[in-house]
Amino acid sequence: STTRRFEFSVEWKNVTRLCYTRPILTVNGQYPGPTIIVHEGDNVEVKVTNRVAINTTIHWHGIRQYRTGWADGPAYITQCPIGTGKSYTYKFTVVDQRGTLWWHAHLSWQRATVNGAFIIYPRMPYQFSAPIQDEIPIMFGEWWNLDVMAIEKYMMLTGDGPNSSDAYTINGLPGPLYSCSLKDTFIQTVEHGKTYLLRIINAALNDELFFAVANHTFTVVEIDAVYTKPFTTKAIMIAPGQTTNVLLTANQKPDHSGMFVMAARPYLTSVFPFDNSTTIGFLKYIKTTKTETIQPPLPPYTLPDNLPPMHDTVFATKFANKLRSLGSADYPCNVPKTVDKKVFTAISLNLQDCPANETCKGFRNKRFLASMNNQSFIRPSTSILECHYKNLTSANLFSNFPEKPPFPFNYTGVDPVAENMNTKFGSKLLVVPFGTKLEIVLQDTNFLNPENHPIHVHGHNFFVVGRGFGNYNPLKDPLHYNLVDPPERNTVAVPMGGWAAIRINADNPGVWFVHCHLEEHTTWGLAMGFIVEGGKHPSQCLVPPPDDLPPC
Ligand code: C2O
């Protein structure tokens, strides 16, 4: 097999957007960062060198890291951070995965600007319904005029929520609906009659997004690097952490400008005045594919009719329900039909009383925090994986995550108990033996929450066997699980005021982070983790730690 080597230099770079110039953290000075392109089965080695005065780590979002948890990247979970002037080479093999994933920094809010696409070409060529003329990466992000790390610090200091970003971006470009941004507009050329594969990644920190192209439909063919049964849709909903591949056929009659607007805006159910701005770019029909400088059209701009409005839960729900695994002979759906262990987790935003002699700026002058089963996750100052592997006594501190909420209540009703659920700070993890077929029911709670929680599991894909609104019913809801072709993915948007049931084949030894991919929620502690113990055979155990693993 082939080994592909990459060099990442983490460095500051001055970037101007919205007429603000500020140094942003980048890889190799690029924003968005470099695209990694590999083939299924390749060995990958990425040497990351830290050339800044702060610590960093890189995570390969969605890569299974089978037996190589040391290369997963979340700071203080699987490794200590890479210090100033130091290097660490992430080594892993891309086993049985193909499609679009991405990579990002996994410490503080660094992933706002430290991110890029990770593309895996399949071993067996895949037949789409039409030949693909070209591939178009579409990476959504958020731009802040202020330093993002300062925003995180402000949250920690005051207990307040973060400011909204100043712009959403497509491939790092805000587009002309934001001030000073006409020249920073994404324009993609296409030829009439041709079909394109859009590799769409939501790298935004805090928002789920709707995305549509005026007059065009998408055919969804893959999510989180797993093929799906194709279906046609006017738009997509994509949560932070998720990736979606769609086919787009350039089959429209363009007007004289040859331009169609593409647009992304948040999906939020909140009545609060959160950011409802929109990033737009253009699809430009041209006669032959050649590079020419194309100017974006001047205003006014009309948003696509097919772009769902901000509160469109009906569309978001229907879209999620259409996602199905392929479940073909070549790409079977390995959903566990039975389970060995069931865990129920209430995921929630909470308030904490303001400590005496502090001023808190959160809701009701308290501090925001977030929890899973009443534990608000605290990152330790050592690597949990290292403690677990070396069997250090502190490893005990990380076990015994509660398998059901210590204080059950009506999760989706109006319940005053919700504000104070005796949340404890901690770093406890669920421990399961190798090979466990695990079911986790993720139950949202109503208090304070205006949006879905995109829950991401490291080191494993999972199957979304059920989802619904209201309180999960352990007697009735399992009767309606899809155990035939449920979507397989690494990040699931747990419906606001509802639940999602996921099933995992816990076949990857190590310590794995599970968290909300809304960065503000992770900051507040909306995370848990699990340990998959080693199996009976060496091939079921973690490889030894690499020599250059950063020390704490
Ligand atoms: Cu995309 Cu824990 O991360």
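Looking at (1) surrounded by 21 or more Cβ atoms within 10 Å (Cβ to Cβ); (2) closer than 30 Å to residue 435 by Cβ; (3) of a type outside the set (Gly, Ala, Ser), which is the one condition that is false for residue 43? Result: residue 43 passes all but (1).
Would you check if there is a residue in the stretch 182-197 being among the aromatic types (Phe, Trp, Tyr), closer than 24 Å to residue 497 by Cα, in a loop (DSSP other than H, G, I, E, B) and in contact with a strand residue (DSSP E or B) (Cβ under 9 Å, 6 or more places away or on another chain)? No, the stretch 182-197 has no match at all.
Of all residues in the stretch 454-492, which are within 16 Å of the ligand (Cβ to nearest atom) and either out of contact with any His (no Cβ under 7 Å at 6 or more places or on another chain) or under 13 Å from residue 441 (Cβ atoms) (or both)? Hits for the stretch 454-492 are 455, 457, 458, 459, 460, 461, 462, 489, 492.
Do you know which residues across the stretch 230-272 are within 16 Å of the ligand (Cβ to nearest atom), of a type in the set (A, V, I, L, M, F, W, C) and in a loop (DSSP other than H, G, I, E, B)?
239
With the requirement that a residue be within 21 Å of the chain's Cα centre (by Cα) and not in a strand (DSSP E or B), what does the stretch 128-154 give you? Those that are within 21 Å of the chain's Cα centre (by Cα) and not in a strand (DSSP E or B): 144, 148, 149, 151, 152.
Where strands (runs of 3 or more DSSP E) fall wholly inside the stretch 433-549, the ranges with 2 or more residues that are under 30 Å from residue 86 (Cα atoms) are 453-457, 510-516, 527-532. Of the candidates 399, 371, 348, 394, the single residue that is of a type outside the set (Asp, Glu), under 30 Å from residue 153 (Cα atoms) and either exposed (fewer than 12 other Cβ atoms within 10 Å of the Cβ) or without any contact (Cβ under 8 Å) to a residue 60 or more places away in the chain (or both) is 394. Among residues that are within 20 Å of residue 100 (Cα to Cα) and modelled with pLDDT of 95 or more, residue 244 is included.
Restricted to the stretch 55-76, and to residues there that are assigned to a loop (DSSP other than H, G, I, E, B) and under 13 Å from residue 36 (Cβ atoms), the residue that is nearest to the ligand (Cβ to nearest atom) is 62.
A single entry from 278, 317, 302, 293 fulfils the requirement of being in the same structural domain as residue 132 (by TED's automatic domain parsing), among the polar types (S, T, N, Q) and under 30 Å from residue 475 (Cα atoms): 317. For the stretch 176-213, filtered to residues that are more than 26 Å from the chain's Cα centre (by Cα) and among the hydrophobic types (A, V, I, L, M, F, W, C), the residue that is farthest from residue 250 (Cα to Cα) is 180.
Would you say residue 90 is under 30 Å from residue 333 (Cβ atoms), outside the structural domain of residue 149 (by TED's automatic domain parsing) and within 15 Å of the ligand (Cβ to nearest atom)? Against the criterion (under 30 Å from residue 333 (Cβ atoms), outside the structural domain of residue 149 (by TED's automatic domain parsing) and within 15 Å of the ligand (Cβ to nearest atom)), residue 90 qualifies. Taken together, 52, 46 contain a single residue that is within 25 Å of residue 137 (Cβ to Cβ), away from the ligand (no atom under 13 Å from the Cβ) and not charged (D, E, K, R), which is 46. Contact annotation: no residue pair with Cβ atoms under 6 Å, 6 or more positions apart or on different chains, pairs a residue in the stretch 506-531 that is assigned by TED's automatic domain parsing to the domain that holds residue 73 with a partner that is within 14 Å of the ligand (Cβ to nearest atom) and not hydrophobic (A, V, I, L, M, F, W, C).
Out of the residues in the stretch 518-541 that are touching a Ser or Thr at 6+ places or on another chain (Cβ under 8 Å) and more than 30 Å from residue 209 (Cβ to Cβ), which is surrounded by the fewest Cβ atoms within 10 Å (Cβ to Cβ)? My answer is 531. Among the residues of this structure, residue 503 counts as one that is surrounded by 24 or more Cβ atoms within 10 Å (Cβ to Cβ), under 18 Å from residue 332 (Cβ atoms), assigned by TED's automatic domain parsing to the domain that holds residue 377 and more than 16 Å from the ligand (Cβ to nearest atom). Within the stretch 436-450, the set of residues being surrounded by 24 or more Cβ atoms within 10 Å (Cβ to Cβ) and either among the acidic types (Asp, Glu) or not assigned by TED's automatic domain parsing to the domain that holds residue 466 (or both) comprises just one member, 444. Within the stretch 80-116, being among the charged types (D, E, K, R) and in contact with a helix residue (DSSP H, G or I) (Cβ under 8 Å, 6 or more places away or on another chain) holds for 91, 111.
The values are calculated or read from the model by the stated rules, or taken from the named source; none is laboratory data. This is a predicted model, so every value here is computed, not measured. Using ideal geometry, Cβ is built from the backbone for each residue, glycine included, and neighbour counts are taken over all protein chains shown.
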